[in-house]
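Reading through the structure tokens given below for one structure.
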Amino acid sequence: MKARWIVLAVVLLFVLSCAAWAAERYETLIVGGGTWAQATSWNPLYANNANGTLGLVYETLFAYSPLTNEHKPWLAESGGWISDNVFEVKLRRNIYFSDGHALTAEDVVFTYELARDNNLTYTPIWRTLREVKAVDDYTVQFVFENPNYQEWQIEMYSRAILPKHIWKDVPGEDLMVITNDDPIGSGPYKKLLAGPDRNVWVRDDNWWGNAVFGQPKPKEIVDMIIYENNVALGMLMQRTLDLSNYFIPGVPAIKDLYGLTTWYDGPPYMISANVALLFLNAQRKPMDDAKFRRALAFAVNPEIIVERVFEHMVPVADPTGLFGGWTAYRDAKVAEECGFWYDPEIAKQMLDEAGYVDADGDGWRDMPDGSPMSFEIIVPSGWTDWMESIRIISEAFRAIGINANPAFPDAGVYNDRIQTGDFDMCINNYGSGISGSPYSYWNWVANHNINRTHVTEGNFGRYDNQELFDLIFKFNQLPPMSEESLAVASEIQKILLLEMPSIPFWLNGLWAQSTSQYWTNWPTENNPVGYPCTWANQWQFGGIEMLINLQPVQ
Amino acid sequence: MAAKGFWKRHENLYFAVTNKKVIFGVVVFLAIVALAIFGPLFTPYGYEEFAGPGYRPPSKEHWFGTTIMGRDVFTQVVYGLRSTLLVGFLAGTIASAVGLVVGFVSGFFSGRAPDEGLMMLTNMFMVLPSLALLIILSAYLPYRGIVTQSLIVAATAWPWTARAVRSQTLSLKSQEFVNLSRISAAPVFRIIREDIAANMFSYVFMVYILQFNGTILSSVGLEFLGLGPTRGISLGLVMQNAVNWNALHLGMWWWTIIPGLILTLLIVSLYFINTGLDEVFNPRLREL
Amino acid sequence: MGRYLTRKIVIYLITFFFAVTLNWAVPRFAPGDPISMLLSRFSFLEGGREILESFFVKTFGLDQPLLQQYFGFWRSLFAGDLGISISQYPKPVMNIIREAIIYDIIILVPAIILSWIIGNKLGASSGVNKKADNFLMPVFYFLTSSPYFWFALLVSYLLGIVLGIFPTSHAYSATMRPGWNWAFILDFFMHWFMPFLSLFLVQLGGWAIGMRNMIIYETNTNYAKYMESLGASERLIRRYGFRNGLLPQVTGLAISLGTIVSGAVLTQMVFSYPGLGYLMVQAIKQNDYFLIQGCFLFLIIMVLVANFTVDIIYMIIDPRVRHSYAGEV
């Protein structure tokens, strides 16, 4: 008799807790793909902070939409250049940090002066910045000397505005060190907890933006740490993941079967997020020869990569490498006159003319002086899509008589080798992500900072061309979309195409697959209500809008 | 008559060729080896070639189906099998050889300094979690070939052989026939060759089989983690690719299950040979 | 008895010393600079990188002479300080490991003990029953021949994907909070089951085979024959056989602990089960060498402790060891 009651109580307890759990599930958004290690720091000044620190907790003056290429006022109500060298920001009223303090011009000034007085990752902005002053409580002026207009286009949506009343007491040497376990920001979410395999954020119901933008729907966001895409797919299938930002092979094949939503319903399924380029080491022969480099561009058919490796989830890149908002600067005439396309006959002809012929009859082309040549193309081991891609690229090179082989060093070795220039060719995309200005792209593919042991800011092939570097520098200092900036942009594109220090092949996607069991109204091509991205430091690309526009099923 | 005499002289061989387990094991083993040797002749594709459309289940054109990208799984398996067998052969040989020498020397000098030292080393290596050690070693070697892989796998595989051979040597050393030889003043070398070594032969053979199995399993595990040879194909790599490309979730069981099944069969067949031979060399077991 | 233990302890200490030294040396002399690796993941404003780089080098003490780094390594080891993770900076490696190791224990300990007990029982009955043996032996061989990860994949495919009973990854659901409530315990159990089962079954095969062979040997030994001729019952003979067979199986357990732990690493990979093995493979992918070292060290400590436990058990159940090492014989 007694035992039966106990069993009954246990069952009841079990059912109740399950029911409670099921109810919570409809208020929780589970995402994955943006976090690759356990979160340990919520310090916005530390670069490796928890995904969401910027965007969910701390906010920026502006948001940026890669879809429309527009800066959207966020903390700022408006902003613009009031003279050649002064950028004025008007802040919204009634913005509060989660501890109730108001966010004012003073906090903005403090955030920037912190980088002037200490060594922080954004300290270099003070090379051209002269002063940041609060004109009144809601007006801030950034006074420059020769402003880098293009870089500012990116800076505007990148900097977390810190609460002065909290950070003013942190000693300078601790600024990057403290973990800031209880982050106080102005954003729509607060940190709830962080485990070895997840970060959990809880909605701040008093967010100032509720009145301006609307309230984000998920009460909690669980950001899962998943290291393998097959695990992410399994979770999507079992509906334990609502939005996956992983590259998942097979999505086109099973999309309808499992009811997955992608941005486009058909190819290319995903929004483009960055360019994958083949870097050629210009410090090694014969890749110091522009004719040789350019011939290679004609040898590869990127369509095969798109079809076989990515199942049409990515598009082929434009020869200029420009996409998204950057295409505003694309010069169609230059692209047509100096571009490249798949035609191995042209490649062969160019190589023949330049003297790269098979001198010793072994089936492989040799250097003009008769010495044999062979190349190694590297990508990190385990990056399966890239591994398959360079197999295809090497095959294409071999088909025109160039002895190229794929190789897969471990990721650490790969990074070391591309940075020290110890490679022939490699695929990379570290710095080619979409941004508010093509300056970020050009300053990466043709970075001038190449005369040192570790090249880390791009231009891994160490292609040296002062004229190009000067043009990129000049471009940075020209107002966006000005006549002059377009002219300089054309020049840059022309040099990049004719000199071909790196070859843009395909556009990696913003991988996003979502399920509709618990949440609907996902942003898609026909319903662009946000940017389905949970990657770190990209929440301000429209991720918050997505959260606001989601609809709970129950 | 001559035949009968032959079997009489080679009694063990007779029992070996009539033992069902041995027969089964040998047949399966040879079939798999034949697959590795002749398989490539039956496939018109290269293992990296796009042989057809992706997602195809086993069919007449693609015996083991195709991968997500349209590579032929049969081709990948037969080429992969070659490298896996080669690693097993190389690593198994190295590990057995090291284990034998260490065990034999140690057993021969039992109780003295070389024995103490070698056994210390053996016990130490035995305790180290081999895969963890292998992961550490592999992870920091930027390029790995089959030989490198065999060496690092063998480096952690030999200890149990050394220990087993040592005790076997010890027990043989104290057996009567050795003592008899010693009394009859036979040279030491002859004792080793004719008595100890001859009696060890069957044992060595079985040790080798176990080492072959063990090293194949470790190396496939490494390959599965992406720490195998950086070039070429192997069974572990085929399965790693299958997992990386979501084969199971996408319903392509043939891509994951078949390579593993063949590998498992290979190892099972060797175990059968081993158990069968055990019965052959230990007549007492035959009665069952 | 004392001598036996001392001897074992000395071996374990030397192993530990060797492992620690290796652990310290390998990443430092291997190619691939972890700091650049870490930094290469971020893009900065021009010049921002140098600032962060010098900050890291100083924090991790990589600018000190090697010998000093080595002694420092030992010193902090004894202080329980395994350094700070690079990929999860600034979290101490010790804390990360503490969170992970529970998952190793929770699947390894039951899998090892249960598979050993059940495997031996099954093997013993298979050894004395020819009919069952014909069916069971191939099954055992199949189990023990399967690569751990492949078997895990098989289990995951059948139970997780085809039948859809168990979740295929992680230790508990995304919406769950750890706590003592039924929903969580059930959820945890469901996630635990497949990694446990695959480890359990693969090991089971090995023990069963071992015991089966042992029983067959034992029932054919002279003493068994002698007992038989004295009129002892078959059951009694088997029981003696089983007992005698157990000793080598205990030794076998000690020998195979390393392999079992390795198997757990692979199994955790298949199920994304967040134990030390999983952590270590992720740490390797991210070149987080303090974390790699920490995981390796703890895997070794785990194996050493387990070995030591087995040694003590062996000593208790085998009187010969007690006596021979005490110098009484």
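The values are calculated or read from the model by the stated rules, or taken from the named source; none is laboratory data. Everything numeric here is computed off the predicted structure, so don't read it as measured data. Here Cβ is always computed from backbone atoms with ideal geometry, including for glycine, and neighbour counts include all displayed protein chains. Each accessible area value is taken on the protein alone, full model and side chains, heavy atoms only, with ligands, DNA and RNA left out. Shrake-Rupley method; radii C 1.70, N 1.55, O 1.52, S 1.80 Å.
Side notes on the structure shown:
- Of the residues in the stretch C:162-180, not one is over 17 Å from A:Ile30 (Cα atoms), open to solvent by less than 20 Å² (accessible area, probe 1.4 Å) and at the interface with chain A (Cβ under 10 Å from one of its Cβ atoms).
- Candidates A:Val143, A:Val108 - the one that is of a type in the set (Val, Ile, Thr) and open to solvent by less than 10 Å² (accessible area, probe 1.4 Å): A:Val108
- Residues (surrounded by fewer than 19 Cβ atoms within 10 Å (Cβ to Cβ), touching a residue at least 40 places away in the same chain (Cβ under 8 Å) and assigned to a loop (DSSP other than H, G, I, E, B)) located in the stretch A:476-525: A:Gln477, A:Pro479, A:Pro480, A:Met481, A:Ser516, A:Gln517, A:Glu525
- Those residues of the stretch A:214-233 which are assigned to a loop (DSSP other than H, G, I, E, B), at pLDDT 90 or above and touching a Ser or Thr at 6+ places or on another chain (Cβ under 8 Å), in sequence order: A:Pro218, A:Lys219
- Residue among B:Gly46, B:Gly99, B:Gly65 that alone is under 30 Å from B:Val207 (Cβ atoms) and in contact (Cβ under 8 Å) with a residue 24 or more places away in the chain: B:Gly99
- Residue within the stretch A:155-167 that is out of contact with any helix residue (DSSP H, G or I) (no Cβ under 7 Å at 6 or more places or on another chain), of a type in the set (Lys, Arg) and either open to solvent by 40 Å² or more (accessible area, probe 1.4 Å) or in a loop (DSSP other than H, G, I, E, B) (or both) present: no
- Test: C:Leu204 is in contact (Cβ under 8 Å) with a residue 60 or more places away in the chain and in contact with a Phe, Trp or Tyr (Cβ under 7 Å, 6 or more places away or on another chain): no
- Of all the residues in the stretch B:130-164, those that are at pLDDT 75 or above, open to solvent by less than 30 Å² (accessible area, probe 1.4 Å) and within 14 Å of chain C (Cβ to nearest Cβ) number 9.
- Test: residue in the stretch C:18-27 that is open to solvent by less than 10 Å² (accessible area, probe 1.4 Å), modelled with pLDDT of 65 or more, farther than 27 Å from A:Leu120 by Cβ and of a type in the set (A, V, I, L, M, F, W, C): yes
- Among the helices (runs of 4 or more DSSP H) confined to the stretch A:235-349, the ones with at least 1 residues that are in the same structural domain as A:Phe460 (by TED's automatic domain parsing) and open to solvent by less than 40 Å² (accessible area, probe 1.4 Å) are located at A:290-299, A:332-338.
- Residue match in the stretch C:77-100 (condition: within 14 Å of chain A (Cβ to nearest Cβ), open to solvent by 30 Å² or more (accessible area, probe 1.4 Å), at pLDDT 85 or above and closer than 27 Å to C:Ala152 by Cβ): yes
- The sole residue among B:Leu210, B:Leu263, B:Leu222, B:Leu248 that is aliphatic (A, V, I, L, M), buried (at least 21 other Cβ atoms within 10 Å of the Cβ) and more than 9 Å from every other protein chain (Cβ to nearest Cβ) is B:Leu222.
- Matching residues in the stretch C:247-264 - criterion: being open to solvent by less than 40 Å² (accessible area, probe 1.4 Å) and over 16 Å from B:Gly214 (Cβ atoms): C:Leu247, C:Gln249, C:Val250, C:Leu253, C:Ala254, C:Ala264
- Qualifying residue in the stretch A:206-213 (condition: within 8 Å of chain C (Cβ to nearest Cβ) and either assigned to a helix (DSSP H, G or I) or out of contact with any helix residue (DSSP H, G or I) (no Cβ under 9 Å at 6 or more places or on another chain) (or both)): no
- Residues of the stretch A:416-425 that are within 13 Å of chain C (Cβ to nearest Cβ) and charged (D, E, K, R): A:Asp416, A:Arg417, A:Asp422.
- The set of residues in the stretch A:382-415 that are aromatic (Phe, Trp, Tyr), within 14 Å of chain C (Cβ to nearest Cβ) and part of a helix (DSSP H, G or I) contains only A:Tyr414.
- Residue within the stretch C:78-97 that is outside any helix (DSSP H, G or I) and farther than 26 Å from A:Asn49 by Cβ present: yes
- Criterion: more than 26 Å from A:Ser435 (Cα to Cα), out of contact with any helix residue (DSSP H, G or I) (no Cβ under 6 Å at 6 or more places or on another chain) and touching a residue at least 60 places away in the same chain (Cβ under 8 Å) - qualifying residue of A:Met235, A:Met176: A:Met235
- Strands (runs of 3 or more DSSP E) within the stretch A:33-98 that include 2 or more residues buried (at least 24 other Cβ atoms within 10 Å of the Cβ): A:62-65
- Qualifying residues in the stretch C:267-285 (those that are under 19 Å from B:Met239 (Cα atoms) and of a type in the set (A, V, I, L, M)) - the one modelled with the lowest pLDDT: C:Val281
- The residues of the stretch A:428-470 that are open to solvent by 20 Å² or more (accessible area, probe 1.4 Å), out of contact with any Leu (no Cβ under 9 Å at 6 or more places or on another chain), under 27 Å from A:Ser381 (Cα atoms) and more than 9 Å from chain C (Cβ to nearest Cβ), listed by number, are A:Arg452, A:Thr453, A:Arg462.
- Those residues of the stretch A:537-553 which are within 11 Å of A:Phe213 (Cα to Cα) and open to solvent by 40 Å² or more (accessible area, probe 1.4 Å), in sequence order: A:Glu545, A:Asn549
- Scanning the stretch C:283-299 for residues that are closer than 12 Å to C:Ser87 by Cβ, in a helix (DSSP H, G or I), at the interface with another protein chain (Cβ under 9 Å from one of its Cβ atoms) and open to solvent by less than 10 Å² (accessible area, probe 1.4 Å) yields a total of 1.
- Some residue of the stretch B:47-65 being part of a helix (DSSP H, G or I) and touching a Pro at 6+ places or on another chain (Cβ under 9 Å): no
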